[in-house]
1. Tell me which helices (runs of 4 or more DSSP H) are completely within region 246-336 and hold 3 or more residues being over 22 Å from Y26 (Cα atoms), or say none if there are none.
2. Every residue in region 447-475 that is outside any loop (DSSP other than H, G, I, E, B), closer than 16 Å to P175 by Cα, modelled with pLDDT of 95 or more and small (G, A, S), please.
3. Of all the residues that make up region 429-444, how many are surrounded by fewer than 16 Cβ atoms within 10 Å (Cβ to Cβ) and touching a residue at least 60 places away in the same chain (Cβ under 8 Å)?
4. Could you say whether any residue in region 51-58 is touching a residue at least 24 places away in the same chain (Cβ under 8 Å), more than 17 Å from the chain's Cα centre (by Cα) and within 16 Å of the ligand (Cβ to nearest atom)?
5. Being modelled with pLDDT of 95 or more and in a helix (DSSP H, G or I) narrows it down to one residue among F400, F444, F389; which is it?
6. For region 232-245, state whether one or more residues are within 30 Å of A285 (Cα to Cα), within 16 Å of the ligand (Cβ to nearest atom) and either touching a helix residue (DSSP H, G or I) at 6+ places or on another chain (Cβ under 7 Å) or not basic (K, R) (or both).
7. Just to be sure, is K257 over 30 Å from Q415 (Cβ atoms) and either of a type in the set (D, E, K, R) or touching a Lys or Arg at 6+ places or on another chain (Cβ under 7 Å) (or both)?
8. Does P331 satisfy the condition of being of a type outside the set (D, E) and in contact (Cβ under 8 Å) with a residue 12 or more places away in the chain?
Amino acid sequence: MLSPSYRLLAATLLATGSLAAAGPVYVALWFDTEDYIEPASDDAALRIANNLSAEGIRATFKVVGEKARVLEQRGRRDVIRALSRHDIGYHSNWHSVHPTPSEYLVRLGYLEGADEFERREATGVDDVKRIFGKRPSCYGQPGSSWGPQTNLALRRLGIPVYLDEGQQVGINEQPFWYGGVLHVFQMGRNQFRARLNVGTEDPEAYSRFDEAVARLTAQGGGVISIYYHPNEFVTTEFWDGVNFAHGANPPREAWVKPRRRTPEDSERCYGVLRRFVHHMRTQPAIRFVTATELPGLFEGPVAAVGDRSAIAAQLKQHIVFGEIQGQMMSPAEMLLALLQVKPQVVDGPTARGVTTYAPASIPAAAFRHTVADASGFVDGFHRLPNEVFVGAETLSLADFAATLAGSAEGGDEVQVLRGNIDYERFFASDGRKPFNWVIHPAGFDGTPLLDLGRLQGWTLKPATLRKATATRSLN
Ligand SMILES: [Zn+2]
């Protein structure tokens with residue numbers, strides 16, 4: 001007897017007339033392990049980690065630096081050992097002690113923000129690595145405390161994956177490359193959970209799961225993202241909300257503990273997760289994946305150079321990621337290909353450049369200087385320039401890219417073309433709502449972070465599941 005979702009899937013495949021589209025569905029199950037105030041949360045993490053190990057499932061535990069240190073101080077080798085059998089990520093050094101990442105990044109530029117993130121967070125990364133015996137495989141921001149400068153810092157810290165949820169940036173509810181870091185973020189219909197507070201189980205989550213599996217299978221495969229916090233299983237309120245709300249920053253001796261669930265209620269919560277996992281297991285084609293495994297499922301962040309004339313045709317028309325001869329390329333990669341700079345991960349510009357160059361065309365010889373100058377900048381700094389010079393005047397990066405794309409036609413004069421930036425629709429436009437978190441000061445405005453983040457849209461592209469993986473899983 002086929003389950004309803006499989007009948008739906010079969011119908012979908014028949015309708016599209018192709019079985020080739022069927023693809024693997026991966027489930028990333030992750031736990032933000034952050035409460036360093038209520039010791040019962042240590043036991044919750046232990047219990048969840050052991051339960052999953054007993055089921056043969058590896059999850060990703062994103063650990064806060066202070067949580068790791070507190071586990072060590074409390075002598076909880078049992079918790080550290082149990083979590084170490086799973087994947088270990090990083091969830092910031094202090095989570096909700098102010099300033100949180102958005103708070104300390106909001107008035108900093110791209111480069112100084114990356115330096116500051118590294119200064120504040122590297123010690124936490126080192127502590128997690130020392131205590132758990134492995135480098136964190138991923139990072140995710142506390143609450144909605146997001147900033148684009150993080151990408152550069154994460155690359156320097158050797159953390160290749162951003163695993164979290166948020167509204168600042170996203171592509172089609174699936175993983176994407178951004179700033180050279182693989183993001184599982186803004187997953188929409190592919191991010192949900194069995195709710196802990198609706199009874200002994202949450203059958204609605206089972207339907208959502210089956211629907212997501214059928215839909216993703218039919219569209220060639222994809223990722224489902226599911227997360228919890230161990231503390232939720234033992235407390236009825238969040239450990240940080242009761243201490244650090246709206247910018248409050250009491251000293252450690254004044255920290256209070258969140259209200260506890262009764263032992264019976266905690267048992268019920270563990271049961272909800274256990275039943276949900278058992279339901280997920282009824283879908284034979286899904287595979288649980290950790291953050292460590294995620295990059296291996298996708299084509300990497302750097303595509304091989306495709307046909308330059310196809311790239312130029314695309315970039316001249318609009319500046320957004322696109323498929324060139326079967327390879328997904330970001331606008332930054334397309335620009336590097338036209339500049340004949342070796343393919344590599346680069347950052348986007350750090351500010352919005354302007355075009356001051358007024359004539360309709362540039363003498364070809366002068367433009368060759370401009371192109372050589374731009375290539376030198378990218379090769380030297382591993383990021384895109386804000387603007388490029390034509391003598392004393394400038395072209396914004398977008399206008400330069402379009403003009404370069406159009407210059408292939410040759411001649412003594414290169415026509416100046418206006419760049420049509422088309423990736424900004426993948427970013428939030430409202431500076432407040434995506435940063436609305438009870439810990440941030442009331443009305444916190446992340447507009448500067450979104451502005452900076454949008455500039456990095458040059459590096460944005462969907463992550464493409466590796467074909468070999470897709471083929472194998474059809475068996
Ligand atoms: Zn958190």
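1. The qualifying helices (runs of 4 or more DSSP H) are 263-281, 308-317.
2. Within region 447-475, G457 is the sole residue that qualifies.
3. 5
4. Within region 51-58 (the criterion being touching a residue at least 24 places away in the same chain (Cβ under 8 Å), more than 17 Å from the chain's Cα centre (by Cα) and within 16 Å of the ligand (Cβ to nearest atom)), the answer is no, since none of the residues qualifies.
5. On the way: F444 fails: in a helix (DSSP H, G or I); F389 fails: in a helix (DSSP H, G or I).
Step by step, each of F400, F444, F389 is checked, and only F400 is modelled with pLDDT of 95 or more and in a helix (DSSP H, G or I).
6. Yes; the residues of region 232-245 include at least one that is within 30 Å of A285 (Cα to Cα), within 16 Å of the ligand (Cβ to nearest atom) and either touching a helix residue (DSSP H, G or I) at 6+ places or on another chain (Cβ under 7 Å) or not basic (K, R) (or both).
7. The answer is yes for K257.
8. So P331 fits the description; yes.
The values are calculated or read from the model by the stated rules, or taken from the named source; none is laboratory data. Everything quoted here is computed from the prediction, not taken from an experiment. Positions of Cβ are generated from backbone atoms using ideal geometry, with glycine treated the same way; all protein chains shown enter the neighbour counts.
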